[in-house]
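What follows is a single structure, written as structure tokens, with notes after it.
The values are calculated or read from the model by the stated rules, or taken from the named source; none is laboratory data. Here the structure is a predicted model, which means the values were calculated and not measured. When we count neighbours, we look across all protein chains shown, and the Cβ atoms used for this are built from the backbone with ideal geometry, even at glycine. Accessible surface is based on the protein model in full, side chains and every heavy atom, while ligands, DNA and RNA are left aside. Shrake-Rupley method; radii C 1.70, N 1.55, O 1.52, S 1.80 Å.
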Amino acid sequence: MTATSVSIRRAGPHDAPALCRLAALDSASPLRGEVLMAEVDGVALAALSLSDGACVADPFSPTAELLALLRVRRQQLGGVEPPRGRGVRRLLRWAPQLARL
């Protein structure tokens, strides 16, 4: 069994190539403004705009739970989009730990 490391963090200028790669994979425009990223074992798999809630994700990886985590974190930071989708109750149990990120 392999350990998996998941991190949610704000994107910085050095993350532009990863954000462009996600947008291209997702056939979407690159996200603008402040962005949260979800990484698994150091690889960016999903990102969400803090300003408008737009998101991009790697369509070749399972990212539904990562996007749910990003939405929960956005809400904690004062975003307006409520969490949605399956498994959100389980994710909300982890919300106190996410608040420390």
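General remarks:
- Looking across the stretch 47-72, the residues that are of a type in the set (Asp, Glu) and open to solvent by 40 Å² or more (accessible area, probe 1.4 Å) come down to Asp52, Glu65.
Okay, residues lined up against (1) of a type in the set (A, V, I, L, M); (2) under 14 Å from the mean Cα position of the chain (by Cα); (3) at pLDDT below 95; (4) under 20 Å from His14 (Cα atoms):
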| site | (1), (2), (3), (4) |
| --- | --- |
| Ser27 | no, no, no, no |
| Met37 | yes, yes, no, yes |
| Ala46 | yes, yes, no, yes |
| Glu81 | no, yes, yes, no |
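- Qualifying residue in the stretch 57-70 (condition: in contact with a Ser or Thr (Cβ under 9 Å, 6 or more places away or on another chain) and at pLDDT 95 or above): yes
- Residues of the stretch 9-33 that turn out to be exposed (fewer than 13 other Cβ atoms within 10 Å of the Cβ) and not basic (Lys, Arg), as a count: 9
- Qualifying residues in the stretch 34-46 (those that are over 21 Å from Leu77 (Cα atoms) and not charged (D, E, K, R)) - the one least open to solvent (accessible area, probe 1.4 Å): Val40
- Pairs where the first residue, in the stretch 10-25, is part of a strand (DSSP E or B) and the second is crowded, with 16+ Cβ neighbours inside 10 Å, C-beta under 9 Å, 6+ apart: Arg10/Val35; Arg10/Leu36; Arg10/Met37; Arg10/Leu50
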